[in-house]
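Undergrad: Okay, handing you the structure first.
Values in this text are rule-based calculations from the coordinates and carry no lab data. Worth saying up front: this structure is predicted, and the values here are computed from it rather than measured. Here Cβ is always computed from backbone atoms with ideal geometry, including for glycine, and neighbour counts include all displayed protein chains.
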Amino acid sequence: MAQYQHLPIYKQTYDIVLRTMSATKDFPREYKYTLGQKIKDELIELVVMIYRANSATDKARHIESIVERVQAIQLMLRLSHDMKILPRRHYAALSEEKVSQSLTSYLGMLRQVNGYRARKALCGRVESLFLRADDECTKVKVS
């Protein structure tokens with residue numbers, strides 16, 4: 001099982017979960033159990049998704065889902081702030097772009113690595129085709 005507690009993205013997300021727990025307890029009753037609970041549920045699911053992505057072999061697919069989830073959470077936080085149910089100090093602390101930036105940079109890095117692997121595999125296939133063609137030409141010349 002892969003270790004995930006040491007990941008900066010995990011630590012940042014966990015800190016945001018803790019801050020959100022305290023920030024949403026001051027929501028008005030009307031929004032505490034709807035919007036506030038939805039934000040908390042999404043954040044907890046985000047932590048689980050980070051664990052799954054760290055354990056998976058195909059990390060890029062998981063990270064794309066995580067990026068979508070982060071955007072949805074940011075939307076709900078902004079909505080809470082715009083509706084004046086999330087104070088500015090909490091919104092400023094929670095809407096830090098660190099998690100989103102970390103994910104997008106890691107996703108870009110994975111895409112580069114996967115692109116490199118794909119190019120390397122393609123070059124290997126092309127090279128083997130040329131070697132086979134060389135062998136065929138040699139057999140024709142010898143015959």
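Undergrad: Between residue 57 and residue 88, how many nm apart are label points set 7 Å from Cα along the C-beta direction?
TA: 5.2
Undergrad: May I ask you to evaluate 6.51 cos²θ - 1.76 cosθ + 1.60, the Karplus curve with θ = phi - 60°, for each residue of region 56-73 and list the ³J(HN,Hα) values in order in whole Hz, giving x for glycine and proline?
TA: Values, residue by residue: 7, 7, 9, 5, 4, 4, 5, 5, 4, 5, 5, 4, 4, 5, 4, 5, 5, 5 Hz.
Undergrad: Extension gain residue 37-residue 78, at 0.36 nm per residue separation less the Cα-Cα distance, in nm?
TA: Contour length minus the Cα-Cα distance gives 13.3 nm.
Undergrad: Follow-up question, since we're still on this one. Could you pull out the pairs from 11/32; 11/84; 11/40 whose alpha carbons sit more than 20 Å apart here?
TA: 11/32; 11/84
Undergrad: Report the label-to-label distance for residue 44 and residue 5 in nanometres (one decimal), using points 7 Å from each Cα along the Cα→Cβ vector.
TA: Label at residue 44, label at residue 5, 2.0 nm between them.
Undergrad: How far, in nm, would the chain grow between residue 25 and residue 95 when pulled straight, counting 0.36 nm per residue and subtracting the alpha carbon separation?
TA: So the extension gain works out to 23.5 nm.
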